[in-house]
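Trainee: One structure, as structure tokens, below. Some questions next.
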Amino acid sequence: MLMTLAVAVSMLAQAPAQPSPRPSPSPQPRAHVTRVAVPPATVIVDDGDTVQIRWSAGDVETVRILGIDTPETRHLEHDIPFDQAFGAEARAFARGAFAAPKTVELLRAPTLDPFGRTLGYLFVAGANYSLLVIAAHLAEESVTRYGDNGFPEPGAAVLAAAKAAGPPPFESPGAYRARMRELSKAMKARGEYPPH
């Protein structure tokens, strides 16, 4: 019995550490569940599914666009050492979409994501950006995985757009991120990870 306990303790000590669970989402402190006008010149594109809105010098809101997951671009701070295929194209599409529209509106969800980002749909000249990027074959839909976030009509429209567009021409960004985390871990262990 004592030997079995010693073996079990030894096995637990050698088991790989489990990733810590994601924090729970917190309530959205800004106006939400209604469209808010965004001055187009304040929108700064990070990648195909994330933008920043500079409301003022000290007030920058990061928005993770709902309904979509676009291919990744290089983000060393997030263990993405290489661009995913079609990542640069998705970012370029977003930059074009937000470059000079007459209007931009943001529809915020009632909660922030686990990383403190606003979750929301963006509307460019009245059109749902998520539908545009799916139709361009530069995003996969994320409603199936994460739900409609309290927006059943836009969620249903995203699902319909994805069905009409067919499968995207790239690896699922979620699978790519998981693969890059493993690669980053190995690169860091060998001292090969690029500085950032």
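Read-outs: derived from the displayed coordinates by stated rules, not from any lab. Owing to the predicted nature of the structure, the values given are computational and were not obtained by experimental measurement. We place every Cβ from the backbone using ideal geometry, glycine too, and count neighbours over all the protein chains shown.
Trainee: Put +1 on the Cβ of each Lys and Arg and -1 on the Cβ of each Asp and Glu in the chain; which of 174, 29, 135 then has its Cα farthest toward the positive end of the dipole?
Mentor: 29
Trainee: Something else now. Expressed as an acute angle from 0 to 90° and rounded to the nearest 10, what is the orientation of the C-alpha long axis of helix 2-14 relative to the principal long axis of the chain?
Mentor: Computed tilt is about 40 degrees.
Trainee: So who's got an amide H within less than 5 Å of the one on residue 193, skipping anything under 5 residues away but keeping other chains? H placed 1.01 Å off N, in plane.
Mentor: Under 5 Å from the amide H of residue 193: 188.
Trainee: Additional query: Report the one residue of 67, 156, 187 whose Cα lies farthest in the direction of the positive end of the charge dipole of the chain (charges on C-beta: Lys and Arg +1, Asp and Glu -1; origin at the Cα centre).
Mentor: 187
Trainee: Rank by packing, highest mean first: peptides 84-92, 141-149, with packing defined as the count of other Cβ atoms within 10 Å averaged across residues. Show your work: numbers first, answer last.
Mentor: Details: 84-92: 19.7, 141-149: 16.8.
The packing order, highest mean first, is 84-92, 141-149.
Trainee: Per-residue counts of other Cβ atoms within 10 Å, averaged by peptide: what ranking do you get for 130-137, 71-78, highest first?
Mentor: In decreasing order of mean packing, 130-137, 71-78 become 130-137, 71-78.
Trainee: Taking θ = phi - 60°, what integer Hz values does the Karplus form 6.51 cos²θ - 1.76 cosθ + 1.60 yield along the stretch 132-143, in sequence order, with x for Gly and Pro?
Mentor: Calculated HN-Hα couplings, in order: 5, 6, 5, 4, 7, 6, 10, 7, 9, 6, 10, 5 Hz.
Trainee: How would you order 107-115, 42-50, 25-33 from highest to lowest mean count of nearby Cβ atoms within 10 Å?
Mentor: Output ranking for 107-115, 42-50, 25-33: 42-50, 107-115, 25-33.
Trainee: Within the stretch 45-76, whose backbone N sits under 16 Å from a point 7 Å along Cα→Cβ of residue 179?
Mentor: 70-75
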